[in-house]
Amino acid sequence: MPDDVLLTIVIPVKNEQETLPALAREIDAAFATQTYRWEVLWVDDGSTDRSRELMQGLPAPHRWIALDRNHGQSAAFMAGFRAARGTWVGTLDGDGQNDPVDLPRQLARALETGVDMVNGIRAKRQDSWFRKISSKIGNGVRNAMTGNTVKDVGCSTRVVRREAAIDLPFFHGMHRFLPTLVQMRGWSIDEIPVNHRPRAGGASKYGLWNRAPSAARDLFGVRWLKLRNRNFKIAARGGAA
């Protein structure tokens with residue numbers, strides 16, 4: 001087995017005591033037969049329940065970090081990307097709706113094709129009709145505004161090179177645009193269908209009225225970022241080592 005960690009699974013957590021233990025067991029089962037080194041990095045985003053206590057009780061290769069207070073999913077993801085030890089990072093939500101068995105498939109696809117990110121497409125959404133419609137509209141508007149054709153921007157089941165993840169511009173709300181931002185920075189992406197399940201417990205932190213205004217503002221910001229973005233490479237070096 002190689003010494004280096006190939007994949008770090010980053011999971012933001014905000015009051016997920018009901019789903020965390022079962023999700024940890026599912027991840028262990030999903031990766032039990034893999035021959036490469038992997039780890040799980042739980043990111044406590046200001047939980048006020050027993051989530052951190054449960055994280056502390058998980059054995060290796062699980063580890064955790066805790067933010068100083070609740071900063072939101074984008075900050076939790078970026079903190080996890082920066083603290084990851086893997087060459088690749090995978091992402092899951094902490095509510096149990098994402099299926100860990102999809103991550104090995106996505107990583108295999110990335111290694112086979114050479115792309116920098118494999119995003120998920122929630123083929124059979126296990127959400128209310130209202131959330132399905134609002135998500136479909138959101139994907140269409142984001143693609144129209146940013147010039148991308150990502151089928152499911154909001155899917156949290158994905159793998160991406162850590163180098164690409166930490167290259168992204170950070171802002172509050174960036175998690176809604178991760179595939180778009182990866183493409184913007186010149187990295188390549190692919191998409192495959194993934195499982196989507198009913199929420200296993202807890203309550204959703206997002207709804208139409210607390211998400212739409214900030215999402216619309218961020219959308220114009222991402223459009224501006226894309227217009228002003230420049231991807232450059234160092235063509236030559238010189239001087240003393």
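The values are calculated or read from the model by the stated rules, or taken from the named source; none is laboratory data. All figures in this text were calculated on a predicted structure; none of them were measured in a lab. All Cβ positions, even for glycine, are placed from backbone atoms using ideal geometry, and neighbour counts span all protein chains on display. To get the accessible areas, we keep the full protein, side chains included, count just its heavy atoms, and leave off ligands, DNA and RNA. Shrake-Rupley method; radii C 1.70, N 1.55, O 1.52, S 1.80 Å.
Counted as qualifying within the stretch 1-87 are the helices (runs of 4 or more DSSP H) with 1 or more residues that are in contact with a Pro (Cβ under 6 Å, 6 or more places away or on another chain) and either closer than 18 Å to residue 165 by Cα or at pLDDT below 95 (or both), namely 73-83. Annotation note: Cβ proximity below 9 Å between a residue of the stretch 76-97 that is within 17 Å of residue 24 (Cα to Cα) and open to solvent by 10 Å² or more (accessible area, probe 1.4 Å) and a residue that is in a strand (DSSP E or B) and modelled with pLDDT under 95 (sequence gap 6+ or interchain) occurs for 97/122; 97/196.
Residues in the stretch 168-181 that are open to solvent by less than 40 Å² (accessible area, probe 1.4 Å) and not in a helix (DSSP H, G or I): 168, 169, 173.
For the residues 145, 184, the requirement of being at pLDDT 80 or above and either open to solvent by less than 70 Å² (accessible area, probe 1.4 Å) or under 19 Å from residue 74 (Cβ atoms) (or both) singles out 184. The set of residues in the stretch 155-167 that are surrounded by fewer than 20 Cβ atoms within 10 Å (Cβ to Cβ) and outside any helix (DSSP H, G or I) comprises 161, 166, 167.
Among the residues making up the stretch 1-37, those that are within 16 Å of the chain's Cα centre (by Cα) and either open to solvent by 10 Å² or more (accessible area, probe 1.4 Å) or farther than 29 Å from residue 71 by Cβ (or both) are 12, 14. One residue alone among 192, 166 is among the aliphatic types (A, V, I, L, M), at pLDDT 95 or above, closer than 18 Å to residue 103 by Cα and in contact with a helix residue (DSSP H, G or I) (Cβ under 7 Å, 6 or more places away or on another chain), and that residue is 192.
In the stretch 37-66, the residues that are under 18 Å from residue 86 (Cβ atoms) reach residues that are open to solvent by 50 Å² or more (accessible area, probe 1.4 Å) and part of a loop (DSSP other than H, G, I, E, B) with C-beta atoms within less than 8 angstrom, at least six apart or across chains, in these pairs: 37/1; 37/2; 37/3; 37/4; 39/60; 39/85.
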